[in-house]
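Undergrad: What follows is a structure written as structure tokens; I'll ask about it next.
The values are calculated or read from the model by the stated rules, or taken from the named source; none is laboratory data. Since this is a predicted model, take the numbers as computed values, not measurements. Cβ placement follows ideal geometry from the backbone for every residue including glycine, while neighbour counts extend to all protein chains displayed.
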Amino acid sequence: MDIQKFQESMYSLIVETSTNLPKDVRRAVKSAKQRENAGTRSALSLTTITNNITMADDNVSPICQDTGLPTFKIKTPVGVNQLEIKKQFGMQSF
């Protein structure tokens, strides 16, 4: 297994899923924001969310700054050295 390619692939996946929302989700958030009464907590929250979406696009930064800890389930084909993968990525469990 090419660990370098795997790392690059995982990095790209994390960047994409942390910075880019599908268009239908963007439309739904925008529509919800427009329906909210100005000054309500909901309206303020939706404004923050839409601002974060825009900043994520502009800066390639996470949409939500509190992204937590990513957790992955990795399935490997027969013959892949799982101990080597675990060692390379410092995984807690596998």
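Undergrad: Out of everything in the stretch 21-47 that is in a loop (DSSP other than H, G, I, E, B) and touching a helix residue (DSSP H, G or I) at 6+ places or on another chain (Cβ under 8 Å), what residue ends up being surrounded by the fewest Cβ atoms within 10 Å (Cβ to Cβ)? Give the derivation first.
TA: As a first pass, look at the stretch 21-47 and keep what is in a loop (DSSP other than H, G, I, E, B): 21-22, 36-40.
Filter once more, keeping what is touching a helix residue (DSSP H, G or I) at 6+ places or on another chain (Cβ under 8 Å): 21, 36-37.
Details: L21: 17, E36: 15, N37: 7.
The qualifying residue surrounded by the fewest Cβ atoms within 10 Å (Cβ to Cβ) is N37.
Undergrad: Name the pairs: first residue in the stretch 4-27 and touching a residue at least 40 places away in the same chain (Cβ under 8 Å), second residue part of a helix (DSSP H, G or I), Cβ to Cβ under 7 Å, at least 6 apart or on different chains?
TA: The qualifying pairs are T19/A56; L21/I53.
Undergrad: Okay, moving on. Inspect the stretch 53-75 for any residue being at positive phi, small (G, A, S) and assigned to a loop (DSSP other than H, G, I, E, B) and give the result as yes or no.
TA: Yes, some residue in the stretch 53-75 is at positive phi, small (G, A, S) and assigned to a loop (DSSP other than H, G, I, E, B).
Undergrad: A further question on this structure: Can you confirm whether the stretch 83-93 contains a residue that is modelled with pLDDT of 90 or more and more than 21 Å from T17 (Cβ to Cβ)?
TA: First, the residues of the stretch 83-93 that are modelled with pLDDT of 90 or more: none.
No: zero hits.
Undergrad: Still on this structure, please answer the following. Only one of these is loosely packed, with under 12 Cβ neighbours inside 10 Å, at pLDDT below 90 and among the small types (G, A, S): S9, S18. Name it.
TA: Numbers: S18 fails: loosely packed, with under 12 Cβ neighbours inside 10 Å.
After ruling out the rest, the residue left standing is S9.
Undergrad: Does the stretch 37-82 hold any residues that are among the charged types (D, E, K, R) and at pLDDT 75 or above, and which are they?
TA: The answer is R41, D57, D58, K73, K75.
Undergrad: Follow-up question, since we're still on this one. Name the single residue, out of those in the stretch 48-63 being surrounded by 15 or more Cβ atoms within 10 Å (Cβ to Cβ) and of a type in the set (A, V, I, L, M, F, W, C), that is farthest from V15 (Cα to Cα).
TA: I49
Undergrad: Could I ask something else about it? Of all residues in the stretch 1-47, which are of a type in the set (S, T, Y) and more than 21 Å from D57 (Cβ to Cβ)?
TA: Scanning the stretch 1-47 gives S9, T40, S42.
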